[in-house]
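Colleague: Have a look at the structure that comes next, please.
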Amino acid sequence: MTLEGLPVHANGVRVIRADGELDVVSVPPLLPGLAELVAGAAAVVLDLTAVSFFDSSGVRLVDRLARVARGAGAGFRVVAPPGTASRRVLEVVGMDRLVDDDVPAAVTAAARLDGGR
């Protein structure tokens with residue numbers, strides 16, 4: 001499992017790409033680095049497209065990243081394509097209001113939610 005912060009878009013949106021499994025083993029070591037990934041971004045998009053397994057630990061990661069982004073005054077969106085495990089889990093726990101189908105839609109939505117910058 002990796003989290004990769006991609007270069008900030010011209011509109012100030014940083015896309016963070018996750019891949020592999022988001023589970024009880026992989027998520028805890030990622031949590032301390034979230035503030036660094038968000039730093040300097042007007043908004044943040046977490047791309048879960050390449051995530052192969054997603055459980056409650058993945059929900060914890062999404063929740064923590066949303067809180068870090070909010071604390072930094074940044075908008076936050078999640079990419080979880082329809083039919084994926086991450087989308088189903090986020091819908092079940094009521095976090096689907098943060099979800100978009102693809103990166104371009106999420107970047108557009110996140111840019112509108114940039115914390116009032």
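The values are calculated or read from the model by the stated rules, or taken from the named source; none is laboratory data. Computed from a prediction, not measured in an experiment: that's the story for all the values here. Side chains included, ligands, DNA and RNA excluded: accessible areas come from the protein's heavy atoms. Shrake-Rupley method; radii C 1.70, N 1.55, O 1.52, S 1.80 Å.
Colleague: Determine by what factor the alpha-carbon radius of gyration of the chain differs from 2.2 N^0.38 Å, reporting the quotient.
Modeller: 0.94
Colleague: While we're here: Go ahead and set up a Gaussian network model of the chain, Cα springs under 10 Å, then flag whichever of L30, L90, L98 fluctuates most.
Modeller: L30
Colleague: Any idea what angle helix 103-112 forms with the longest principal axis of the chain, computed on alpha-carbon atoms, 0 to 90 degrees, nearest 10?
Modeller: Approximately 50 degrees, to the nearest 10.
Colleague: What residue among V92, V107, V79 shows peak mean-square fluctuation when the chain is described by a Gaussian network model with Cα springs under 10 Å?
Modeller: The residue that fluctuates most here is V92.
Colleague: Another question, then. Of the heavy-atom accessible surface of the chain (probe 1.4 angstrom), what whole percent is carbon and sulfur?
Modeller: Working: 3050 of 5610 Å².
Heavy-atom surface of the chain belonging to carbon and sulfur, 1.4 Å probe: 54 percent.
Colleague: So what is the relative contact order for the chain, in percent, with contacts set as C-alpha pairs under 8 Å and at least six apart?
Modeller: Details: 230 pairs, mean separation 31.2, N = 117.
It rounds to 27 percent for the chain.
Colleague: For every helix of n ≥ 4 consecutive DSSP H residues, a contribution of -39,500 (n - 2.57) applies; sum these over the chain, divide by its total residues, and give [θ] at 222 nm rounded to the nearest 500 deg cm²/dmol.
Modeller: -9500 deg cm²/dmol
Colleague: Over the chain, give the accessible area per residue in Å² for a 1.4 Å probe, as an integer.
Modeller: 48 Å²
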